[in-house]
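Values in this text are rule-based calculations from the coordinates and carry no lab data. For clarity, every value in this text was computed on a predicted model and none was experimentally measured. FYI the Cβ positions are ideal-geometry reconstructions off the backbone, even for glycines, and counts take in every protein chain you see.
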Amino acid sequence: MDTDWMTRGKCRDMDPTVFFPNDGIGVQTAQRICADCPVKVVCLEYALTNRVDHGVWGGTSERERRRILRQRRLSKLAASRN
Ligand code: SF4
């Protein structure tokens, strides 16, 4: 998968630990940075495609990504039954 987009992320010159927080406040801090990142969508898709379990990617927490993946699986299942 193409990773050139990483060089355009708002986080490119930031401390990576900001995006691997230990608590909810840290998650919110990272999400505020991601909010207007120009590569937010591709960053999220990268994390979903590669099943990245840890950290904030594309403005989503680990829990939010698990929810998105679950919803996609259910949608796919429902579509296959129609
Ligand atoms: S969306 Fe967030 S984690 Fe992804 S590249 Fe942008 S700032 Fe970095």
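How large is the charge dipole for the stretch 4-81, taken about the Cα centre, if only the Cβ atoms of Lys, Arg (+1) and Asp, Glu (-1) carry charge, to the nearest 20 debye?
Details: 15 positive and 9 negative charges, 125 e Å.
The dipole magnitude comes to about 600 debye.
What the phi angles of the stretch 21-34 give under the Karplus curve with 6.51, -1.76 and 1.60, with θ = phi - 60°, is a coupling list of x, 9, 8, x, 5, x, 4, 5, 4, 5, 5, 5, 5, 5 Hz, glycine and proline written as x. Taking 0.692 mPa s as the viscosity and 37 °C as the temperature, the Stokes-Einstein diffusion coefficient of the stretch 4-81 based on its alpha-carbon Kirkwood radius rounds to 251 µm²/s. Against the chain, whose longest principal axis comes from its Cα atoms, helix 40-49 is set at around 60 degrees.
Checking every one of the trypsin sites (Lys or Arg not before Pro) in the stretch 25-82 against DSSP loop status and a limit of 14 other Cβ atoms within 10 Å picks out R51. Given their separation in residues at 0.36 nm each and the Cα-Cα distance between them, D13 and S80 gain 19.8 nm when the chain is fully extended.
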